[in-house]
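Visitor: Below you'll find the structure I mean.
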Amino acid sequence: QVQLVESGGGSVQPGGSLRISCAVSGYIASINALAWYRDVPGKRGELVAALRSREAYYADPVKGRFTISRDNIKNMVYLQMNNLKPEDTAVYLCSAGTVVNSIYSDYWGRGTQVTVSS
């Protein structure tokens, strides 16, 4: 199993930037994918960004503005958010996909609130 804890959320003005973090612990070697999701009314569980192997994926609404990255030394996953818009307001959740003996599992953090408003 793995554990995920998000941090770094807060309130930002439109056009501003924010970096949120996810601390990863546990059986890290089992992780084959990392992702950020966000919960928005009517769009629950929207995939924002993901890392699998060396490829990164971004949802259309955040392309060119968000960047997902990882620090293998600190066991951290980051989401750098630039040019934030009010519609980016959401609870952002870190997710890890694992495989052990061909059994796939998903793990989630509790989330961190990001609010974008004037």
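Visitor: One residue is enough: does the range 57-75 have a residue meeting the conditions touching a Ser or Thr at 6+ places or on another chain (Cβ under 6 Å) and either assigned to a strand (DSSP E or B) or at pLDDT 95 or above (or both)?
Guide: No - not one qualifying residue is present in the range 57-75.
Visitor: Additional query: Restricting to the range 49-58, name every residue that is loosely packed, with under 13 Cβ neighbours inside 10 Å and closer than 15 Å to Asp88 by Cβ.
Guide: None - no residue of the range 49-58 is loosely packed, with under 13 Cβ neighbours inside 10 Å and closer than 15 Å to Asp88 by Cβ, so the list stays empty.
Visitor: Can you confirm whether the range 11-33 contains a residue that is open to solvent by less than 50 Å² (accessible area, probe 1.4 Å) and among the charged types (D, E, K, R)?
Guide: No, that holds for no residue.
Visitor: Also, quick follow-up: Among the numbered criteria (1) on the phi < 0 side of the Ramachandran plot; (2) of a type outside the set (A, V, I, L, M, F, W, C); (3) open to solvent by less than 80 Å² (accessible area, probe 1.4 Å), which single criterion is violated by Gly111?
Guide: Tallying (1) on the phi < 0 side of the Ramachandran plot; (2) of a type outside the set (A, V, I, L, M, F, W, C); (3) open to solvent by less than 80 Å² (accessible area, probe 1.4 Å), Gly111 fails exactly one: (1).
Visitor: Another question, if that's okay. Go through (1) charged (D, E, K, R); (2) open to solvent by less than 40 Å² (accessible area, probe 1.4 Å); (3) in contact with a helix residue (DSSP H, G or I) (Cβ under 8 Å, 6 or more places away or on another chain) one by one and return the number of the condition Arg65 breaks.
Guide: So Arg65 meets the others, but not (3).
Visitor: Can you name the condition, by its number, that Trp36 falls short on among (1) open to solvent by 30 Å² or more (accessible area, probe 1.4 Å); (2) under 19 Å from Ser105 (Cα atoms)?
Guide: Checking Trp36 against (1) open to solvent by 30 Å² or more (accessible area, probe 1.4 Å); (2) under 19 Å from Ser105 (Cα atoms), the one that fails is (1).
Visitor: Next question. I'd like to verify a number: residues in the range 1-48 that are assigned to a strand (DSSP E or B), more than 16 Å from Asp88 (Cα to Cα), among the aliphatic types (A, V, I, L, M) and more than 10 Å from the chain's Cα centre (by Cα), how many?
Guide: 7
Visitor: Here is a follow-up. Scan Ala90, Ala50, Ala35 and give me the residue that is of a type in the set (Gly, Ala, Ser), within 17 Å of Glu6 (Cα to Cα) and touching a Ser or Thr at 6+ places or on another chain (Cβ under 8 Å).
Guide: Ala35
Visitor: To continue, here is another question. Would you confirm whether any residue within the range 83-96 is open to solvent by 50 Å² or more (accessible area, probe 1.4 Å) and assigned to a strand (DSSP E or B)?
Guide: The answer is no, given that none of the residues of the range 83-96 is open to solvent by 50 Å² or more (accessible area, probe 1.4 Å) and assigned to a strand (DSSP E or B).
The values are calculated or read from the model by the stated rules, or taken from the named source; none is laboratory data. Everything numeric here is computed off the predicted structure, so don't read it as measured data. Here Cβ is always computed from backbone atoms with ideal geometry, including for glycine, and neighbour counts include all displayed protein chains. Please note that ligands, DNA and RNA were not included when accessible areas were found on the heavy atoms of the full protein model with its side chains. Shrake-Rupley method; radii C 1.70, N 1.55, O 1.52, S 1.80 Å.
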